[in-house]
Amino acid sequence: MIDNYCERVDASFWSEPVNALTNLSFIVAGLVAISLLRKNRASPMYLWVLAGLMILIGIGSFLFHTFATPLTALADGLPIYAFQLMFLWCFPRFVLRINYWQVCGVIGLFLVTMVVSSRIPVELNGSENYVPAVLMLGIFAVFAARRALIGTRWLVVAAVVFAVSLTARTVDEWWCVSWPLGTHFIWHILNGIVVYLSWLSLFFGQRAVRTDGV
């Protein structure tokens, strides 16, 4: 059993009910995205894939916060990283309109930042793994704002909310004594908003680019 969060007090399936149930945030985000796509059937396939990954994030995280095994930890982590990498490819390629090699450079920078952040000499309860994602969202938001691109506001809000949610994830174990429920559930709720807003910025951004014929 993996016990990383305040709420878990034993090895039982339902030891983290709040952490488990708040994964509905991701599933709802994915379903709302799919509903929007069904009204815009000409949307590119990558938007459908990202919407599906939101749902998989919720399912994988639910499994981890119930079974809490190394196998369910993979089910939790893989869809998250798949979403991150796909968004890192799609937003700069189809909204910022940078070329193939520049996008490869962006992803390379992200991977290097992940390695560097994993060596931060401070215990952050695993949150150091997500610092590169916050930085990338912020960088994308700056470039989108400078070009006055449609969907920029969603990305800016996503970056801010992500920073708040990452803080909640980081302090979870620090609050165990005074607040046994912990703060990890806030990470789930807010990150459902983050992935949806990020997706929304891509949805509107790529539509604007295609409409303008760029």
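Just to be sure before I move on: is THR211 in contact with a helix residue (DSSP H, G or I) (Cβ under 7 Å, 6 or more places away or on another chain), modelled with pLDDT under 95 and not basic (Lys, Arg) in the structure I sent? No: the conditions fail for THR211. At least 2 residues being of a type in the set (Val, Ile, Thr) is the threshold, and among the helices (runs of 4 or more DSSP H) wholly inside region 1-86 those reaching it are 24-38, 45-67. Scan region 159-173 and give yes if some residue there is touching a Pro at 6+ places or on another chain (Cβ under 8 Å), over 24 Å from ALA42 (Cβ atoms) and at pLDDT 90 or above, otherwise no. No, because not a single residue in region 159-173 is touching a Pro at 6+ places or on another chain (Cβ under 8 Å), over 24 Å from ALA42 (Cβ atoms) and at pLDDT 90 or above. From the list THR152, THR69, THR113, the lone residue that is of a type in the set (Ser, Thr, Tyr), over 16 Å from the mean Cα position of the chain (by Cα) and over 22 Å from LEU190 (Cβ atoms) is THR69.
Are any residues in region 90-139 among the charged types (D, E, K, R) and not in a helix (DSSP H, G or I), and if so, which ones? ARG97, ARG119, GLU123 - these are the residues of region 90-139 that are among the charged types (D, E, K, R) and not in a helix (DSSP H, G or I). Considering (1) closer than 28 Å to ILE150 by Cβ; (2) of a type in the set (A, V, I, L, M, F, W, C); (3) surrounded by 15 or more Cβ atoms within 10 Å (Cβ to Cβ); (4) within 19 Å of the chain's Cα centre (by Cα), the lone condition that LEU63 does not fulfil carries the number (1). Scanning region 8-57 for residues that are modelled with pLDDT under 95 and of a type in the set (Asp, Glu) yields a single hit, ASP10.
Residues that are buried (at least 23 other Cβ atoms within 10 Å of the Cβ), part of a loop (DSSP other than H, G, I, E, B) and touching a residue at least 40 places away in the same chain (Cβ under 8 Å): does region 161-173 have at least one? Yes.
The values are calculated or read from the model by the stated rules, or taken from the named source; none is laboratory data. The shown structure was predicted, so the numbers you read here are calculated from the model rather than taken from an experiment. Note that we place each Cβ from the backbone using ideal geometry, even for glycine, and neighbour counts take in every protein chain shown.
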